[in-house]
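Written out below as structure tokens is the structure these notes cover.
All of the numbers you see were taken from the coordinates with simple rules; none came from a lab. Remember, it's a predicted structure, so these values are computed and weren't measured experimentally. Cβ placement follows ideal geometry from the backbone for every residue including glycine, while neighbour counts extend to all protein chains displayed.
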Amino acid sequence: MLIPEKLDAIIQILLSNEFGEKARLTVLDVARQAGITAAMARRLLLRLERSGYVGVRGTIRLLRAARLMDAWGYLYSIREIERSEFVSAERPQYVMPKIANWARKEGVLYAFTLFSATELVRPYVAPSTTSLYIHKKDLRRWQQFFREESILPAEKEGNVVCLLAEKGHFQATTETRGARIVSLPRLYADLMSFGGRGEEAARELLQILRPNDV
């Protein structure tokens, strides 16, 4: 990850709020949601303010949503996130409902991303891989579930990719067509950082986000 984890969490909070509830956020609100001290939150927000992305006076104002999303996509690298890969004989369209149903029943955190998520919200490229975030602490439970579904550990690259994340990656996830996906700003950053067709899919996603400075 090229961007510090705490700054990543703050950007996620600001952008998810911008394209969601549009609640009035203070430094204390951001600190609480990010799980950091108010002093650290203020320091990181002032860093964003110096770059012209936010205003930090009383409530926090997001000034350049689209530019911040672009910067996030280039500073963040989904390819550097620790992962565990598996191989399934079934295509994503069959694997994804199984994952969603099991995770819902077990109360386990997960969120589809990359082309698995765009397939649900803005189809652009048919996914050949099932990509999802899972919480690091739940990896063994996922491994057991996959074994029961004959989804086996990959020796090299797999077609079921579990990105091992902390709780912050699951903020503002949404339920879409019976499955949970990452927040749309997070999906945009993931696609941009993935590169290639991912960047093209990210631009398509802007048709849904429509920030005021696109």
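For the stretch 72-142, what does the relative contact order come out to in percent, with C-alpha contacts under 8 Å and a separation of six or more? RCO, the stretch 72-142: 27 percent. In this structure, Arg43 and Glu85 have a Cβ-Cβ separation that, at R0 = 35 Å, corresponds to a calculated FRET efficiency of about 0.45. Of Ala65, Ala189, Ala154, which is the most mobile in a GNM of the chain whose springs link Cα atoms less than 10 angstrom apart? Comparing Ala65, Ala189, Ala154 in the GNM, the peak value goes to Ala154.
Bridge orientation summary for the stretch 78-209: considering DSSP beta bridges with both residues in this region, about 65 percent are antiparallel. Taking trypsin sites (Lys or Arg not before Pro) in DSSP loop states with no more than 14 other Cβ atoms inside 10 Å as exposed sites, the chain has its longest site-free stretch at 25-155. Note on the chain: Rg/Rh from Cα positions, Kirkwood definition for Rh, rounded to two decimals, is 0.98. Give the share of C-alpha pairs in each 10 angstrom bin for the stretch 142-189, from 0 to the last occupied bin, in whole percents, shortest bins first. Going out from 0 Å in 10 Å bins, the stretch 142-189 shows 21, 40, 36, 4 percent. The mean of 1/r over all distinct Cα pairs in the stretch 5-75, once inverted, gives the Kirkwood hydrodynamic radius of 11.9 Å. P(r) tail for the stretch 108-192: Cα pairs beyond 21 Å make up 28% of the total. Using alpha carbons only, the radius of gyration of the stretch 58-173 set against its Kirkwood radius gives Rg/Rh = 1.01.
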